[in-house]
Each structure stands twice: as C-alpha cells, then as structure tokens.
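First comes the structure, then the notes that go with it.
The numbers here are math on the coordinates, done by the rules we state, and not lab data. These figures come from a predicted structure and were not determined experimentally. Methodologically, a virtual Cβ is constructed for each residue, glycine included, from the backbone with ideal geometry; neighbour enumeration extends over all protein chains shown.
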Amino acid sequence: MKLIEMTKDYAQSLFEYKEGNLYWKVQKAPHVKVGSKVGSPAHGYETVYVDGKNWRIHRLVFLMHYGYIPKLIDHVNGNRIDNRIENLREANDTQNAYNIRMHKDNKSGIKGVSWDKYKDMWIAKIQANKKRIQLGYFKNIDDAKNAISEARIKLHGEFANHGYSTLAQPTKEQLDGHSN
C-alpha cells in the first residue's frame, strides 16, 4: 500500500471535527461507518489507523486546525484524551515536562515539595531550563506550597502545572489571594 501524505486537506477530507472528537466522512475500511466516531485507546491516547499508519487523534486535530504537525503537542489540562483544539498547544520538550502531573508516590500532596527527615523541614525544589533549583527549607508546609507555586508561575509561565486536579489549576490571581 502506498502511503499518502497526511495534509490538512487530506485529513479534512477524511474526518469531521466536533468538540474534540473526529468522525469519519468516508468509509476507509469495511468496518468503518461514515459518521462514526474515530479512535481507539493506545498508551493513554486516542489513535486511528489510516493508510498504513497509526495516528494519534490530537495530532490530526492540530493539523486540521493549523495546517502542520509540530514535534510536540501538549494537552493543556493534562488529559490525553481531551482533544478539543483549545486544549492543544505546541510545546518544546522543556515546556511539555513542566506540564506533568504530580507523581503518584508524592507524600506531601504538593508537587515539588518533600519532607527532609535530616533537617526536619519541608524542602521545595523546582526544575527550570534543565536546572534543578532549590527554593529553600520551610517549617510550615503552606509556606513551601506558596514558594513552589509562585516559582512555578514565574519560571514555567503558561505551562505551569501545580499538580492539582487537571481541571482545577489555580490562576496567579487565585494563588496571590492565598499567599498572605
């Protein structure tokens, strides 16, 4: 089978975009029904097999809206199956790393904050521009949380992910209201 280059026009001829989902416009295989939703889960992403190649749906959505596929596409809210165009943005490796979730084994409940048993204090650390930055030691966990949150907004900008629910990321204004 000859591979056909995936372009904006070709993608738009195959799929209709509605609210983050793609729907078939054509019958590309016997099991495909025109109007049916496109996608199967694979490694946390929705994918579709087209003309001999497996495609992640978010890459096709981005292509259909902007006419190109960047090296990396970040899901703003961290939800890999939320492919609404407003949830997709181009990112570089560093920016994409900024937007990771809090690790499951985090014991403090605050991304970037851990307990130092030797100093008997909370420590806040952040990574920016491929450098690890220690923000300091704190007796109070709320002080560590405020320090890490403010640093994350300053250093990570729009890619700041505080590790809270992916749908409830606080804004700078909200954090400022809690940093007495």
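Under the convention that each Lys and Arg Cβ holds +1 and each Asp and Glu Cβ holds -1, the size of the dipole of the stretch 8-91 around its Cα centre is about 200 debye. Residues whose amide H comes within less than 5 Å of that of W55, counting only those at least five positions distant or on another chain, are V48, Y49, V50 (H built at 1.01 Å from N in the peptide plane). Taking amide H as placed 1.01 Å from N in the peptide plane, L22 has its amide H under 5 Å from the amide H of V38, each at least 5 places away in sequence or on another chain. Partner aspartates and glutamates whose Cα lies under 17 Å from the Cα of K125, excluding those fewer than 8 positions away in the same chain, are identified as D105, D116, D142, D143, E150. Sorting 112-120, 46-54 by average packing, meaning the other beta carbons within 10 Å per residue, from highest down gives 46-54, 112-120. Within the listed set H156, H58, H103, the Gaussian network model of the chain (springs between alpha-carbon atoms below 10 Å) gives the highest mean-square fluctuation for H103. Taken one residue at a time, the phi angles of the stretch 147-160 give Karplus couplings (6.51, -1.76, 1.60, θ = phi - 60°) of 4, 5, 5, 5, 5, 4, 5, 5, 8, 9, x, 5, 8, 4 Hz. Gly and Pro are set to x. Adding -39500 (n - 2.57) for every DSSP H run of four residues or longer, then dividing by how many residues the chain holds, sets the calculated 222 nm ellipticity at -7000 deg cm²/dmol.
Between 0 and 90 degrees, the angle of helix 57-66 with respect to the longest Cα principal axis of the chain falls at about 80 degrees.
By the count of other C-beta atoms within 10 Å, a proxy for reagent exposure, M121, M64 are ordered fewest to most as M121, M64.
With the charge dipole of the chain set up from +1 on Lys and Arg Cβ and -1 on Asp and Glu Cβ about the Cα centre, the Cα lying farthest toward the positive end among the listed residues A29, N92, I148 is that of A29. Note on the chain: percent of Cα-Cα distances in each 5 Å bin, starting at 0 and stopping at the bin with the largest distance, equals 1, 8, 14, 17, 14, 11, 9, 8, 7, 5, 3, 2, 1, 0.
Each of I148, I4, I153 has some number of other Cβ atoms within 10 Å of its Cβ, and from fewest to most they run I4, I153, I148. Overall size of the stretch 1-100 from C-alpha positions, given as principal axis extents largest first: 42, 23, 22 Å.
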